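Heads up, the thing below is written out as structure tokens.
The values are calculated or read from the model by the stated rules, or taken from the named source; none is laboratory data. These figures come from a predicted structure and were not determined experimentally. Cβ: placed from backbone, ideal geometry, glycine included. Neighbour counts: every protein chain shown. Accessible surface areas use protein heavy atoms only, side chains included; no ligands, DNA or RNA. Shrake-Rupley method; radii C 1.70, N 1.55, O 1.52, S 1.80 Å.
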Amino acid sequence: MTWRGGAGFYLIPFVETALPMQLHLSSWPEIETYLARSKAILIPIGSTEQHGPNGLLGTDALCAEIIGKRAGDEAGFLVGPTFNVGQAQHHMGFPGTITLRPATMIAAMTDWAQSLSHHGFERIYWLNGHGGNVATINAAFAEIYHSVSFGGEGGNHPKLRCLLRNWWELSGVMDTCRQLFPVGEGSHATPSEVSVTYFAYPEAQKSVAMTPKIAPNGPIYDADDYRRRFPDGRIGSDPSQANVAAGEKIVRMAVKALIREFQHFAAA
Ligand code: NI
């Protein structure tokens, strides 16, 4: 925290805070130094897709980024840029949604992983914010591992390892969400995920009345069918319950569990 007077003098002494542990806010010598002590990095991965009438289009990417960044800052591990567009084909009936074809996403993730591996990273923890990404992320891991094998690496070379974790699966997070929102959590545009974004970006909060109060449930097929079944984008949820205090509780729980799991993965 720094308070600066009008004439440019500091009114209180500068308080040293830890450097932000983000790759894109680092210089290359800082990354070189980091690699001398750790070969592990976290990549937030999500989606840019509609999240109902009061949820931000970036929700799935933002949740992973918000939790990942706080954990990295607190525990001193590196967080890479957010892979913020994913598998959102079934949300294409709503303006603002951006999607990748599975083959594009697999190719891009492979290039990210190979770039990091080229510099010496051996553990990539992908913190995911979008359930629809899971199948494609696992396919990308298969492609990444094939590339390592076909690249002739083996023998005594350390292997590149990837881990996929959905943030809501982190220990204690689901219980916290259920306690905060016993009714109307639903499965898309949930009050929990919207709360996480409102906690980090309180200025982006939107007050919207939900009709019906709790959205319908049902299967997901094509984009047009999705919009017919779920006209405002929500599935089973009442995200008008979303609030900053709930978001803070969820983030705290997730950060604690993430630090534990990341450190274990980095050391394995
Ligand atoms: Ni979501």
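Positive end of the dipole of the chain (Cβ unit charges, origin at the Cα centre): among 146, 128, 251, the Cα lying farthest that way belongs to 251.
From largest accessible area down, sort 249, 159; use a 1.4 Å probe on the protein chains. Don't skip to the end; give the middle numbers.
Details: 249 115, 159 95 Å².
Ranked from most to least accessible, the order is 249, 159.
Just how large is the dipole of the range 20-267 about the Cα centre, in debye to the nearest 20, putting +1 at every Lys and Arg Cβ and -1 at every Asp and Glu Cβ? Dipole of the range 20-267, to the nearest 20 debye: 340 debye.
Using a 1.4 Å probe and counting only protein heavy atoms, arrange 26, 171 so the residue with the most accessible area comes first.
Values: 26 35, 171 75 Å².
Output order, biggest surface exposure first: 171, 26.
Within the listed set 203, 49, 32, the residue fluctuating most in the Gaussian network model of the chain (springs between alpha-carbon atoms under 10 angstrom) is 203. Each Cα pair of the chain feeds into the Kirkwood radius, which the Stokes-Einstein equation turns, at 25 °C and 0.890 mPa s, into a diffusion coefficient of 124 µm²/s.
Could you give the length gained on full extension between residue 24 and residue 147, defined as 0.36 nm per residue of separation minus the Cα-Cα distance, in nm? Intermediate results must be reported in sequence, preceding the final value.
Values: separation 123, 0.36 × 123 = 44.28 nm, distance 2.55 nm.
Gain in length upon complete extension: 41.7 nm.
Taking the accessible area of the chain, probe 1.4 Å, and keeping the other protein chains in place, the carbon and sulfur fraction comes to 57%.
Heavy atoms only, 1.4 Å probe, whole protein assembly: order 119, 264 by accessible area, highest first. Walk me through the numbers on the way to the answer.
Numbers: 119 120, 264 140 Å².
Of 119, 264, the descending order of accessible area is 264, 119.
Working note: Cα atoms of the range 91-248, range along each principal axis, descending, whole Å: 59, 35, 27.
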